[in-house]
1. Would you work out which of T29, L64, G84 lies farthest towards the positive end of the dipole of segment 13-113, given +1 charges on the beta-carbon of Lys and Arg and -1 on that of Asp and Glu, about the Cα centre?
2. So how far, in whole Å, is the C-alpha centre of segment 26-45 from the one of segment 103-150?
3. What does the extension gain come out to for E100 and A39, with contour length at 0.36 nm per residue minus their alpha carbon separation?
4. Antiparallel versus total DSSP beta bridges in segment 92-220: what percent is that, nearest 5?
5. FRET efficiency for L73 and A210, Cβ-Cβ distance as r, R0 = 22 Å, nearest 0.05?
Amino acid sequence: MSATTETGDGAGPENGTALAAEAAAMFGTALPQADRYAALLTGAGAELGIVGPAEAARIWDRHLLNCGVIARLIPAACSVVDLGSGAGLPGIVLAMLRPECRVTLLEPMARRAGFLQECVAELGLTNAEVVRGRAEEFAGKLSADVVTARAVAPLEKLAVLAAGLARPGGRVLAMKGVAAAAELARARPVLARLGIGDARVVTVASASGAITATLVAFTTNASRSVGLPPAAGRRAQLPGPDAVRGGRGPDAGSRRQSRPNSRRGGG
């Protein structure tokens with residue numbers, strides 16, 4: 001559904017107009033790509049069970065715009081790994097908004113990885129690649145300036161996974177919504193073992209202030225091997241563009257349930 005006709009949760013024309021204005025302001029020249037991505041999410045994504053049927057009415061406010069605001073926290077021309085990318089939120093949105101950044105969509109499930117590959121191709125995202133696999137398998141093999149995640153795992157587990165994918169001193173942006181403060185409190189002992197001392201809850205807003213996202217942000221330890229598997233201390237070359245890795249059978253290697261990424265953990 002186009003941003004120009006979206007009406008949120010069936011609220012009405014005024015809300016639709018407000019959402020359209022937010023989308024135009026946020027995406028600018030990338031708005032046609034965003035429109036196409038929204039159509040993919042509510043079309044093929046819904047058919048594959050990656051996006052729930054109830055999400056169609058709130059694709060823009062709950063998902064695209066909610067994920068888009070964190071682009072304000074992404075440094076220029078950096079590398080990004082979207083951990084457990086699922087439906088591509090926030091990874092694909094960031095690839096559209098920050099074309100100068102290199103975005104790796106890391107996803108273990110074959111069905112979701114295939115959908116992500118379709119999105120990358122149809123949207124012409126030459127700065128994005130799909131890598132199929134679990135975060136544990138790529139610890140020390142991917143080395144990103146920023147690691148993003150949305151509703152992948154509790155923070156105490158996510159912190160370990162993300163730290164293995166970030167370069168030493170890299171940033172982790174974990175979208176957590178209203179649960180952010182509680183999850184951060186529970187994760188403090190794990191973060192301390194990882195040598196992370198600056199973790200905090202951050203709320204970022206769109207230019208108008210109407211769209212916000214709440215996340216936990218932290219900087220990885222200068223020696224990221226702390227608390228991670230031995231392989232995590234080694235740096236390896238990033239996979240080539242458009243690489244869908246893996247091959248252990250459909251959806252193998254994942255303990256995540258097949259609930260849509262886009263239905264969980266909005267910021």
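Values in this text are rule-based calculations from the coordinates and carry no lab data. Small disclaimer: the values here were computed from a predicted structure and weren't measured. For neighbour counting, all protein chains shown are included, and Cβ atoms are generated from backbone atoms with ideal geometry for every residue, glycine included.
1. G84
2. Measuring centre to centre over Cα atoms gives 18 Å.
3. Values: separation 61, 0.36 × 61 = 21.96 nm, distance 2.43 nm.
Value of the extension gain: 19.5 nm.
4. Values: 11 of 23 bridges.
DSSP beta bridges in segment 92-220 are roughly 50 percent antiparallel.
5. Values: r = 18 Å, r/R0 = 0.81.
Using R0 = 22 Å, I get an efficiency of 0.80.
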